[in-house]
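The structure under discussion appears below in the form of structure tokens.
What follows draws every value from the coordinates through simple rules; no lab data is involved. Everything numeric in this text was worked out from a predicted model, so none of it was measured. Positions of Cβ are backbone-derived with ideal geometry, glycine not excepted, and every protein chain shown enters the neighbour counts.
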Amino acid sequence: MQKTTDNPKNIERLSNLLSANKRLAIFTGAGISTESGIPDFRSPGGIWTKMAPIEFQDFLDSEEMRRESWRRKFEVDKTIRRARPNEGHYAVAELVNSQKATAVITQNIDNLHQESGIDPDRVIELHGNGTYAKCLNCGAREELEIIKQAFLGRDELPVCKFCGGHIKTATISFGQSMPEEPVRRAHEEALACDLLLVIGSSLVVYPAADIPMIAKRNGATLVILNREPTPLDSYADLVISEEIGEILPPAIKNN
């Protein structure tokens with residue numbers, strides 16, 4: 001494993017790896033969006049250090065927990081909805097849209113990869129999407145603005161107009177099963193690539209964090225670009241502990 005904080009050398013090493021590979025898989029986490037002003041819930045001072053996340057079963061069982069979940073959602077959205085893609089997002093978009101990478105696998109729920117110009121069909125969302133809601137029973141989509149007006153204006157919890165089921169943000173909560181189709185697609189990408197580039201993930205949330213090791217065990221080169229150490233650093237061929245926006249855009253210029 002090579003690990004360094006020398007920006008020019010890191011840029012050159014990553015650029016060379018991007019040039020040499022035939023099929024790239026990209027795996028992103030919260031770190032790519034912190035540079036857009038979205039807080040990392042797990043970091044010191046993050047939301048989950050101040051309040052425990054609401055378990056999926058508690059959401060189902062308790063009206064009080066459903067109300068608290070929606071209250072938190074609209075409070076957090078005051079920050080998240082103002083966020084825009086940053087240089088890291090646009091660099092990933094360039095890699096995907098130029099066919100260098102076939103898709104981006106992401107743990108993020110902020111929709112910023114799509115806003116950066118990537119076709120939604122090429123964004124594999126392992127933890128769902130926080131910009132809309134779904135019925136947990138029939139899967140019908142509901143727009144957040146409608147829910148917000150009813151919840152904040154009339155104190156009404158959202159109920160599905162088609163089947164009467166509970167409506168929840170289209171994200172994966174603690175204790176909720178991972179979505180089968182995105183997980184299947186992520187595994188396929190990991191097995192097909194010869195280079196997997198992790199960007200901004202602490203790689204502590206499983207089963208999502210299994211994806212890089214699936215690629216590595218299948219013979220792919222593993223690169224981790226993340227400010228803080230991760231549990232998989234010792235398996236990586238290159239670890240870059242720098243800001244994403246300082247490393248990724250210049251590294252892809254010659255690719």
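Side notes on the structure shown:
- The chain: calculated mean residue ellipticity at 222 nm from DSSP helix runs of at least 4, using -39500 (n - 2.57): -11500 deg cm²/dmol
- Net length available on complete extension from MET65 to PHE174 is 37.9 nm, with 0.36 nm assigned per residue and the Cα-Cα distance removed.
- Positive-pole candidate from ILE124, LEU195, LEU152, dipole of the range 119-198, charges at beta carbon: LEU152
- Helix 180-192 and the long axis of the chain differ in direction by around 0°, with both axes built from C-alpha atoms.
- Distant-in-sequence amide H partners of ALA140 (H built 1.01 Å from N, under 5 Å): CYS135
- For the chain, relative contact order (Cα pairs under 8 Å, six or more residues apart, normalised by length) works out to 28 percent.
- Cβ-derived FRET efficiency at R0 22 Å, ARG185 paired with ASP237, nearest 0.05: 0.35
- The dipole here belongs to the range 80-225: it is taken about the Cα centre, uses +1 on the Cβ of Lys and Arg and -1 on the Cβ of Asp and Glu, and is about 220 debye.
- Exposed-loop-free span, longest in the chain, where chymotrypsin sites (Phe, Trp or Tyr not before Pro) count as exposed if DSSP calls them loop and at most 15 other C-beta atoms lie within 10 Å: 42-161
- Principal-axis tilt of helix 144-154 within the chain, Cα atoms, nearest 10 degrees: 40 degrees
- All Cα-Cα separations within the chain were binned at 5 Å from zero, giving a P(r) of 1, 6, 13, 17, 19, 16, 11, 8, 5, 3, 1, 0, each value a whole percent of the pairs.
- Gain upon complete extension [ASP119, TYR206; 0.36 nm per residue less C-alpha separation]: 28.7 nm
- Cα-projected label distance for ARG217 with ALA52, points at 7 Å along beta-carbon direction, nm: 3.2 nm
- Straight-distance crosslink candidates among aspartates and glutamates, where the alpha carbon sits under 17 Å from LYS216 and sequence neighbours closer than 8 are dropped: GLU188, GLU189, ASP194, ASP233, ASP237
- Whole-Hz couplings from phi, Karplus 6.51/-1.76/1.60, listed for the range 90-107; x for Gly and Pro: 5, 5, 4, 4, 5, 5, 6, 6, 8, 6, 5, 10, 7, 6, 10, 8, 9, 8
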